[in-house]
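Worksheet: one structure, shown below.
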Amino acid sequence: MDNRQRIQEMAYRAIDNHAPYAWFEPLYQQANQQENQIPWAKLKPHPLLASWLQNNSTVGTGKTALVVGCGLGDDAEALANQGFKVTAFDVAQTAIAWCKQRFPQSQVTYQVADVFAPPENWHQGFDMVFECYTIQALPLKVRSQTMEAIAKLVTPGGTLLVVTRLRATETEPDGPPWPLSLSELDHFQAIGLQEIQRESLEQEPNTLLAIEYQPLPQ
């Protein structure tokens, strides 16, 4: 059984048990600190985040940032290096322990948390929220709920940066990942965010897309 097939079986088992994100912790545990067993772990910031930071080189100082589903921490560290006061969370306890081991002198606050039940003080609590691949790692039936939960973390006047794979049709894909369609991404605007800009990166088998949003004035 190859790694992709193993992950798919873990994900669908979790879905059958009505806990669609319960497969993340066993995935990190079974990796046994081998980064190549975590498909999204590249040990460097996502290139679309790096591009955004380069184009917004002065925005971090004195501002707060939250990284959703932080994985092994490279995106969080990049934001901290830009001057943000960063909180990074993951539902997988092993992932958070791994981050702390990789970056023992980090200024990032790494913690275990659930995007569907975040601490109360996170509501509209961050100037910048970065979400990379978390939405696409969850099945379509919880997609809108996930997007709404993430949007609630952004302070009025703040920024949400979403990085995802994009699928060309509305047909439900096999997964994980379950790349987003353009119509699904429209849900962010339907719940009160406006798109500021987008950047794409062609990569087989899907286009990678980064979209920057800001909450509409109340």
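The values are calculated or read from the model by the stated rules, or taken from the named source; none is laboratory data. These numbers were taken from a predicted model, which means no experiment stands behind them. Cβ: placed from backbone, ideal geometry, glycine included. Neighbour counts: every protein chain shown. Areas reflect the complete protein model, heavy atoms only, side chains present, ligands, DNA and RNA absent. Shrake-Rupley method; radii C 1.70, N 1.55, O 1.52, S 1.80 Å.
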Computed ³J(HN,Hα) along segment 20-30: with the Karplus parameters 6.51/-1.76/1.60, θ = phi - 60°, integer Hz and x for glycine or proline, the list is x, 10, 6, 8, 5, 4, x, 4, 5, 4, 5
Computed label-point distance, nm, for sites Gln34 and Trp122 using a 7 Å Cα→Cβ extension
3.1
Using distinct alpha-carbon pairs, which all enter the 1/r mean, Kirkwood radius of segment 1-78 in Å:
14.6
Note: Gln111 to Gln214 extended length (0.36 nm per residue) minus current alpha-carbon separation gives 34.6 nm
Reachable lysines from Lys100, criterion Cα separation under 26 angstrom, eight or more residues apart if same chain
Lys42, Lys44, Lys63, Lys85
Charge dipole of the chain about the Cα centre (unit charges at C-beta), most positive-ward option of Ile196, Tyr12, Val112:
Val112
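Of Glu204, Glu25, which has the most accessible area with a 1.4 Å probe, and how do the rest follow in descending order?
Highest to lowest solvent-accessible surface, that is Glu204, Glu25.
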Report the calculated FRET efficiency for Ile196 and Arg4 (r = Cβ-Cβ distance, R0 = 35 Å), to the nearest 0.05.
0.55
Highest-MSF residue in the chain out of Val142, Val86, Val108 [GNM, Cα springs under 10 Å]:
Val142
Pop a pseudo-label 7 angstrom from the Cα along the beta-carbon direction at both Thr169 and Glu204 and give the gap in nm to one decimal.
2.0
Nearest-5 percent of antiparallel DSSP beta bridges in the chain?
45
Taking θ as phi - 60°, what are the ³J(HN,Hα) couplings along segment 159-165 by the Karplus curve (6.51, -1.76, 1.60), each to the nearest whole Hz, with x for Gly and Pro?
10, 10, 10, 10, 10, 8, 7
Over all alpha-carbon pairs in segment 164-204, figure out the percentage whose distance exceeds 14 Å.
55
Note, segment 2-10: 3J(HN,Hα) by Karplus (6.51, -1.76, 1.60, θ = phi - 60°), whole Hz, Gly/Pro = x, goes 7, 4, 4, 5, 4, 5, 4, 5, 4
Expected max-MSF residue from Phe24, Phe84, Phe116 in the GNM of the chain (alpha carbon, under 10 Å) is Phe116
Could you compute the FRET efficiency for Glu148 and Ser51, with r as their C-beta to C-beta distance and R0 at 35 Å, rounded to 0.05?
0.85
